[in-house]
Amino acid sequence: MRIMAFDYGTKRIGLAVSDSLQIIASPLATVHPEEIWIYLEDYLSKEEVETFVVGKPLQMDGTASESAQHVVGFMRKLRKTYPHIPIKEVDERFTSKIAFQAISQSGMKKHKRQDKQLIDQVSAVLILQTYMDSKSF
């Protein structure tokens, strides 16, 4: 079974998923928040997901950021819609910055490096990888 991660934003949600052995995190998609429920329904009809991992937006001092209320609302609906799939939270403080740096160093052309959808997907991969790494200890 797979693990699915979300980098939630009010304009885009980056998604990543593990392989069935839960070793490798891969980018999956970037979906508009209004389309996420249709996307999940379709994806979950084809693949089994054992856990959802949601990036938790925190400030440097560890308190919730302004966008945290949106993430809480998203998790509430996720829990209500898929009560059989547990939700784990992972600190996402530096994921967008790390994702941008990784993409910048990848050798991609400038217009591709500035693609916010790609940054959201890579951020979701980092959230998922952080979770999977924490499970292995």
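Mind checking which residues of the stretch 63-85 are modelled with pLDDT under 80 and in contact with a Ser or Thr (Cβ under 9 Å, 6 or more places away or on another chain)? Reasoning before the result, please.
Narrowing the stretch 63-85 to residues modelled with pLDDT under 80: 63-69.
Residue satisfying the conditions is SER67 alone.
Please go through the stretch 23-33 and pick out each residue that is touching a residue at least 40 places away in the same chain (Cβ under 8 Å) and in contact with a helix residue (DSSP H, G or I) (Cβ under 6 Å, 6 or more places away or on another chain). Even if it seems obvious, please write down each step before you answer.
Pass one, the stretch 23-33, residues touching a residue at least 40 places away in the same chain (Cβ under 8 Å): 23, 25-30, 33.
Within the stretch 23-33, ALA25, PRO27, THR30 meet the criteria.
Pairs needed: first member in the stretch 51-72, of a type in the set (A, V, I, L, M); second member anywhere, assigned to a helix (DSSP H, G or I) and modelled with pLDDT of 90 or more; C-beta distance under 8 Å; at least 6 residues apart or different chains.
If the second residue must be assigned to a helix (DSSP H, G or I) and modelled with pLDDT of 90 or more, the pairs left are VAL53/ILE127; VAL53/LEU128; VAL53/TYR131; VAL54/PHE74; VAL54/MET75; VAL54/LEU78; VAL54/ILE127.
Please verify whether VAL17 is on the phi < 0 side of the Ramachandran plot, buried (at least 21 other Cβ atoms within 10 Å of the Cβ) and touching a residue at least 24 places away in the same chain (Cβ under 8 Å), treating the condition exactly as stated.
yes
Give me a count of the residues in the stretch 1-12 that are assigned to a strand (DSSP E or B) and modelled with pLDDT under 95.
Final tally of qualifying residues: 2.
Is there a residue being at pLDDT 95 or above, closer than 18 Å to HIS70 by Cβ and not hydroxyl-bearing (Ser, Thr, Tyr) anywhere in the stretch 16-29?
No.
Just wondering, is there one or more residues in the stretch 29-48 that are in a strand (DSSP E or B), of a type in the set (S, T, N, Q) and more than 19 Å from ARG76 (Cβ to Cβ)?
Of all residues in the stretch 29-48, those in a strand (DSSP E or B) come to 29-31.
Narrowing further to those that are of a type in the set (S, T, N, Q): 30.
Checking the rest, the ones that are also more than 19 Å from ARG76 (Cβ to Cβ) come to 30.
Within the stretch 29-48 (the criterion being in a strand (DSSP E or B), of a type in the set (S, T, N, Q) and more than 19 Å from ARG76 (Cβ to Cβ)), the answer is yes, since at least one residue qualifies.
The values are calculated or read from the model by the stated rules, or taken from the named source; none is laboratory data. Treat the numbers as computed from the prediction; the structure is a model and nothing was measured. All Cβ positions, even for glycine, are placed from backbone atoms using ideal geometry, and neighbour counts span all protein chains on display.
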